[in-house]
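Report on one structure; see the data block that follows.
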Amino acid sequence: MTEPQMPFSSAFFFFFFFLSSSSVSESAALATRPIRALVAPIKRDDRTSLYTLPLNAKKQEFVLDITGDLLWSECSPKSHHPLIPCKSHYCTYANTFRSPLCRATRGPIDKHHCTCSVAPLNPVTQTCAVADLTHRSDLLLSATNGRSPTSAPVSVPRFVSSCAPKSLFVSLPSAAAGVAGLGRSRIGLPSQLSKSLSIKRRFAICLPGSGSSAPGVAFFGDGPYFFLPQPGLDATRVLSYTPLLKNPTNPGYYIDVKAVAVNGELVRFLARVLAFDADGCGGVKLSTSAPYTILKSHVYRAVVKAFAEATRGIPRALPPMVEPFDLCLNTSGVGKSRVGPWVPRVDLVLGSGQNWTIFGENSMKRVSSDVACLAVVDGGEKAPQAAVIGSHQLENNFLLFDVAGSRLGFSSTLSFFRTTCSNFNFTSS
């Protein structure tokens, strides 16, 4: 006697029920699984040399500004909630690092109602505007296990941000929806993500190289942070660390540079300007809005002179200067290596005892097929900082900003490890 067979329709029903139940269980597990980190692609805008990352469902791009204290954009009723009162602690946080150029505030609506006014700052033009502080409801980022995105985008509720007038968008990429401030403010992007999602108060950026069409990557939260090819490089394994210094006047990130060396030889200049004074002047700041490193004039002259002497055997370009650079080489006399043009290395000698080594890939900027220039510019004698390390020097470097621990992890160029910032796997697992 043969065993009874289940009707086809019943079998199909149970199979479908099993798949549905498995899908719901998996979705529930993903929803309840704690988030360790978030990830977003970083794109380079060739016209402005600025970097952007998408932060909402519309994939609108926000300019990446590691010196900014908050996120700002044009306001729309659909994405923003009512304004924040001026007596709110958020209002205090938003005005902690108000630029001296942005003193004006808007008065109360009437004697019974006072809304918070803030001064969002354009990181390129250094202009500001008086605007309202509000909540936005459309912030979205993907969770990651450090190897790839792992789930549907994660919503960040009631994110504090600033409105901004269209006039503040001058010199930004044409597609920019606003600016994302990643500075050490309590309402900066890293701090708000940490508080809202209970992830570690740290973030990492890896800017794509100038010639790359593929994006770099930003992480918010804990590692690992893997880069292809397989089995993958966990960038945390190749980092050196140095303290992050706090400037009382702005939310930017500063590092303790004691000296500069070219080809292993210390450059002679007045070293005390590398530390900032009680008024917040001087110091060495990191920037994603300055395309090239900016040096105070007497530091600039000393560094350029030392590099010129170290490369005296290499023919100069004709003309020898290409705006905005003063020292350009004929690349026909320069060898090539895995880490860029074969030129003397530049070392930032740090107070922690480490050296941040800058190889040819980051010290030189190719301006034509046969000309490359030392990618530093003169900031003038009255420059507010002794040095601003610009984005060209940061490209293809993995930088981990441990905000809670006040330290910076840095890799030097990832090309040294046979990978790049564009080698994160953005294919969802």
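The values are calculated or read from the model by the stated rules, or taken from the named source; none is laboratory data. Just so it is clear, the model here is predicted, and its values are computed rather than measured. Heads up, the Cβs are rebuilt from the backbone with ideal geometry, glycines too, and the neighbour counts pull from every protein chain shown. Remember, those area values only see protein heavy atoms, side chains included, never the ligands or the DNA or RNA. Shrake-Rupley method; radii C 1.70, N 1.55, O 1.52, S 1.80 Å.
Scan the strands (runs of 3 or more DSSP E) fully inside segment 180-261 and keep the ones with 1 or more residues being open to solvent by less than 10 Å² (accessible area, probe 1.4 Å) and in contact with a Cys (Cβ under 8 Å, 6 or more places away or on another chain).
Values: elements: 202-206, 216-221, 240-245.
Strands (runs of 3 or more DSSP E) meeting the threshold: 202-206, 216-221.
How many of the residues in segment 359-374 are surrounded by 23 or more Cβ atoms within 10 Å (Cβ to Cβ), farther than 15 Å from Pro291 by Cβ and within 21 Å of the chain's Cα centre (by Cα)?
Of the residues in that region, 1 qualify.
How do the strands (runs of 3 or more DSSP E) wholly within segment 55-156 filter down when requiring 2 or more residues that are modelled with pLDDT under 80: which remain?
On the way: elements: 61-65, 71-73, 80-83, 131-136, 139-144, 154-156.
It comes to 80-83.
Go over the candidates Val343, Val304, Val377 one by one and state the one that is modelled with pLDDT of 95 or more, part of a strand (DSSP E or B) and open to solvent by 10 Å² or more (accessible area, probe 1.4 Å). Explain how you work it out, then say what you get.
Working: Val343 fails: part of a strand (DSSP E or B); Val304 fails: part of a strand (DSSP E or B).
On inspection, the qualifying residue turns out to be Val377.
Condition check: closer than 30 Å to Leu414 by Cβ, of a type in the set (A, V, I, L, M) and in contact with a helix residue (DSSP H, G or I) (Cβ under 7 Å, 6 or more places away or on another chain). Does Ile294 satisfy that? First the steps, then the outcome.
Working: closer than 30 Å to Leu414 by Cβ: yes; of a type in the set (A, V, I, L, M): yes; in contact with a helix residue (DSSP H, G or I) (Cβ under 7 Å, 6 or more places away or on another chain): no.
So Ile294 fails the test.
Filter segment 116-134 down to the residues that are open to solvent by 20 Å² or more (accessible area, probe 1.4 Å) and not small (Gly, Ala, Ser), then identify the one that is nearest to the chain's Cα centre (by Cα).
Here the answer is Val124.
Could you please let me know if Val273 is closer than 30 Å to Val303 by Cβ, part of a helix (DSSP H, G or I) and either touching a residue at least 12 places away in the same chain (Cβ under 8 Å) or among the acidic types (Asp, Glu) (or both)? Give the derivation first.
On the way: closer than 30 Å to Val303 by Cβ: yes; part of a helix (DSSP H, G or I): yes; either touching a residue at least 12 places away in the same chain (Cβ under 8 Å) or among the acidic types (Asp, Glu) (or both): yes.
Considered against the rule, which asks whether it is closer than 30 Å to Val303 by Cβ, part of a helix (DSSP H, G or I) and either touching a residue at least 12 places away in the same chain (Cβ under 8 Å) or among the acidic types (Asp, Glu) (or both), Val273 comes out as yes.
Within segment 307-331, can you find the residues that are among the polar types (S, T, N, Q) and open to solvent by less than 40 Å² (accessible area, probe 1.4 Å)?
Step one: filter segment 307-331 for residues among the polar types (S, T, N, Q), giving 311, 330-331.
Result: Thr311, Thr331.
Could you tell me which of the residues Val160, Val170 is closer than 28 Å to Glu74 by Cα, touching a residue at least 12 places away in the same chain (Cβ under 8 Å) and open to solvent by 50 Å² or more (accessible area, probe 1.4 Å)?
Numbers: Val160 fails: open to solvent by 50 Å² or more (accessible area, probe 1.4 Å).
On inspection, the qualifying residue turns out to be Val170.
I need the full set of residues from segment 320-329 which are modelled with pLDDT under 95 and part of a strand (DSSP E or B), in order please.
Matches in segment 320-329: Val322 only.
Do any residues in segment 81-95 that are closer than 11 Å to His113 by Cα have Cβ atoms under 9 Å from those of residues that are assigned to a helix (DSSP H, G or I), where the two are at least six apart or on different chains, and which pairs are they?
Every condition considered, the pairs that remain are Ile84/Tyr90; Ile84/Cys91; Ile84/Ala94; Pro85/Cys91.
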